[in-house]
Each structure stands twice: as structure tokens, then as C-alpha cells.
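Structure, as C-alpha cells:
The values are calculated or read from the model by the stated rules, or taken from the named source; none is laboratory data. Note that the structure is a prediction, hence the values are computed from the model and not measured. All Cβ positions, glycine included, derive from the backbone under ideal geometry; neighbour counts span all protein chains shown. Areas reflect the complete protein model, heavy atoms only, side chains present, ligands, DNA and RNA absent. Shrake-Rupley method; radii C 1.70, N 1.55, O 1.52, S 1.80 Å.
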Amino acid sequence: MTDPQQLRTLLGERLEIVQEIARLNARQLQNRQVFSGLELEVMRCERDVSRSGDMAAVADRLEQARAQRDRAEARLVEDDHELLEWQRRLDVVDRRISRS
């Protein structure tokens with residue numbers, strides 16, 4: 001492969017990686033919004049536990065909200081790991097491009 005062909009290939013690979021990072025950033029933003037909403041729901045439930053007469057219903061709602069929040073938090077951790085991997089790939093391609 002000639003140098004211009006190799007550079008075109010590397011730039012195409014870089015574009016694909018940047019697009020994937022953009023997709024992951026958008027997903028992470030959405031997951032952060034979901035997580036924040038669930039954090040508010042947990043706080044509301046905790047407040048209601050202290051005020052409510054129907055402790056069983058509020059406690060159940062609190063348990064569900066915490067479980068949903070924990071799942072959202074796990075998705076955020078996954079997002080972070082995926083983004084780190086794609087950014088590592090981008091660094092590798094950028095180094096290859098700089099040597100071309």
C-alpha cells in the first residue's frame with residue numbers, strides 16, 4: 001500500500017472511531033440524565049418514608065427506585081469503560097497517522 005493509500009485508510013479508520021466515541025458520548029449523556037432523575041426519585045421516596053402512614057408502599061417504591069438507580073449507575077460505569085477503550089484506539093490511530 002502506498003503512503004497516500006495508507007493515510008486514507010487510517011483517516012477512514014479514525015473517522016469511524018470518532019463517530020463511535022460521539023455515539024457513546026450521546027448515550028452516556030442520556031444515561032446520566034436517567035441516573036439524575038432516579039436520584040431525585042430516591043430522595044423523594046426517602047422523604048416520603050418519614051412522612052407517610054403507608055410505610056410498606058413507600059418502602060417498596062424506595063426499593064424499586066434504588067434498584068433502577070443502581071442499574072443506571074452500572075450503565076454509566078460501562079459507558080466509561082467503553083469510552084476509555086475507544087479513546088485508546090483513537091490514540092493508537094493518531095500515532096500511526098503522525099508517523100505516515
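Would you please name the residue that is farthest from Gln28 (Cα to Cα), looking only at residues in segment 39-76 that are touching a residue at least 24 places away in the same chain (Cβ under 8 Å) and open to solvent by 80 Å² or more (accessible area, probe 1.4 Å)?
Once the filter is applied, the top-ranked residue is Arg66.
I need the full set of residues from segment 83-100 which are modelled with pLDDT of 95 or more and touching a Lys or Arg at 6+ places or on another chain (Cβ under 9 Å), in order please.
Hits for segment 83-100 are Leu90, Val93, Asp94.
Just the residues that are in contact (Cβ under 8 Å) with a residue 40 or more places away in the chain, under 20 Å from Phe35 (Cα atoms) and hydrophobic (A, V, I, L, M, F, W, C), please, taken from segment 77-90. Spell out how you get there, then give the answer.
In the first step, residues of segment 77-90 are kept if they are in contact (Cβ under 8 Å) with a residue 40 or more places away in the chain; the result is 79-80, 82-83, 86-87, 89-90.
Narrowing further to those that are under 20 Å from Phe35 (Cα atoms): 79-80, 82-83.
Within segment 77-90, just Leu83 meets the criteria.
How many of the residues making up segment 77-97 are closer than 30 Å to Glu41 by Cα, surrounded by fewer than 15 Cβ atoms within 10 Å (Cβ to Cβ) and in contact with a helix residue (DSSP H, G or I) (Cβ under 8 Å, 6 or more places away or on another chain)?
Qualifying residue count for the region: 1.
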